[in-house]
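Here the structure comes first, spelled out in structure tokens, and everything after it is commentary.
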Ligand code: NAD
């Protein structure tokens, strides 16, 4: 009996459905190559869900997500929905699904394919062979803490308030994800906070140190202030293996790190939650980019970020490392052969379309055996 994995596919808005179509084709090739079966359900999220259900994330969609082994998401958002009430905006669908599935660890790899070293804004020798994993805490910290809001003081001055809170459990669980990942990589973790000026940073450092002492002594741990980390990422990015940090710093540092490697159209991500009763970790995989309304419908979007997000799904949800590696290899080979979508080259005459890039990667994947 072949293994069956249930996957909920949420293409979303804009270029989301275009790039996800290439992943659907690749899934069939992976099924043939590995013998596993993907039981897929398609549904809407974001603006598309608002049009269909009147909400950016319908309850039935969420229920299906909870019963799936993994969720693949394209992108959400678009001008059409910009003036909706806040809770109905497409982006709220994304925030809600992450929150409801308690996806507390966001994994953002920053890898530089050999053939893309020149696309980085840094010198080639600084990024060639770069392979960093940033683990960002995703459901706590200043984006969720209370009190929050905008208030008017007695003298009429307006004041904006946000609160950073972290508790032991929130820090411990994301630290464990980082240490576990490091064990499968170069065995090194750098934990970033601002314990010099923030109490939540002091607690962060203490808890990460305690988890390290008690459970992960074999992994090398260093602590770094987040502002120093931002600087080190552009000075000498290859010094890092796994970086673990809070929601706010992770938001900034992961964007910074990912740009070391070139185009937004190349960047995958994973968001992981707790391990459930069936021994599956709740997980959602999505490209870092948005719905790119400026190019939606033109068939020119780069599908690589979405394809590499699926490769992360194979690796982290289904332990299909060999298939994930093969996808990565296929992407590298296609790029090395000089094939580019418009975002990578900008010349409209020799660009591949979304479909052509997808087909080249799938053909190469199949040839890799
Ligand atoms: P964006 O990532 O959609 O686009 C930024 C720029 O990068 C655009 O010029 C776009 O054409 C280009 N780009 C992005 N992905 C590409 C790809 N795969 N191939 C080629 N070019 C690509 O960000 P934005 O313009 O700031 O936001 C557009 C919409 O997307 C907004 O509604 C925003 O809220 C939403 N958004 C959604 C997500 C998400 O779904 N995770 C993330 C960011 C933004």
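Based on Cα atoms of segment 109-265, Rg over Rh with Rh as the Kirkwood radius reads 1.05. Taking the chain as a Gaussian network, where each spring joins two C-alpha atoms under 10 Å apart, which residue of 72, 284, 221 fluctuates the most? Residue with maximal mean-square fluctuation among 72, 284, 221: 221.
With contacts taken as Cα pairs under 8 Å at a separation of at least 6 residues, the chain carries a relative contact order of 21 percent.
Among 350-359, 105-114, the peptide with the highest mean count of other Cβ atoms within 10 Å heads the list, and the full ranking is 105-114, 350-359.
Can you classify segment 291-369 as rounded, prolate or oblate using the Cα gyration tensor, where a ≥ b ≥ c are the square roots of its eigenvalues, rounded means a/c under 1.5, and otherwise it's prolate if a/b beats b/c and oblate if not? Oblate. The alpha-carbon atoms of the chain define a convex hull whose volume equals 159 cubic angstrom per residue. Across all Cα pairs in segment 20-128, the calculated P(r) in 5 Å bins from zero up to the longest distance comes to 2, 10, 15, 14, 14, 14, 12, 10, 6, 1, 0 percent per bin. Modelled label positions at residue 235 and residue 31, each set 7 Å beyond Cα in the direction of Cβ, lie 5.1 nm from each other. Mean sequence separation of contacting Cα pairs (under 8 Å, at least six apart), scaled by the length of segment 109-265, corresponds to a relative contact order of 35 percent.
Among 173, 158, 340, which one shows the biggest mean-square fluctuation in a GNM of the chain, springs joining Cα atoms closer than 10 Å? Largest GNM mean-square fluctuation: 158.
Give me 192, 229, 306 ranked fewest to most by other Cβ atoms within 10 Å of their Cβ, as a rough exposure proxy.
Values: 192 28, 229 22, 306 31.
Ordered from fewest to most neighbouring Cβ atoms within 10 Å, 192, 229, 306 come out as 229, 192, 306.
Note on segment 64-199: Rg/Rh from C-alpha atoms, Kirkwood Rh, equals 1.04. Taking a ≥ b ≥ c as the square roots of the eigenvalues of the alpha carbon gyration tensor, segment 1-77 is oblate, as a/c is not under 1.5 and a/b does not beat b/c. The radius of gyration of the Cα set in segment 200-276, together with its Dmax, comes out at 14.2, 40 angstrom. Neighbour counts of other Cβ atoms within 10 Å put 73, 203, 153 in the fewest-to-most order 153, 203, 73.
Please arrange 310, 38 by counting, for each residue, the other beta carbons lying within 10 Å of its beta carbon, fewest first. Don't skip to the end; give the middle numbers.
Details: 310 28, 38 23.
Placing the least packed residue first, the sequence is 38, 310.
FYI, it's all coordinate maths here, none of it is from the lab. All values reported here derive from a predicted model rather than from experimental measurement. Don't worry about glycine lacking a Cβ; one is built from the backbone with ideal geometry, like all the others, and counts go over all protein chains shown.
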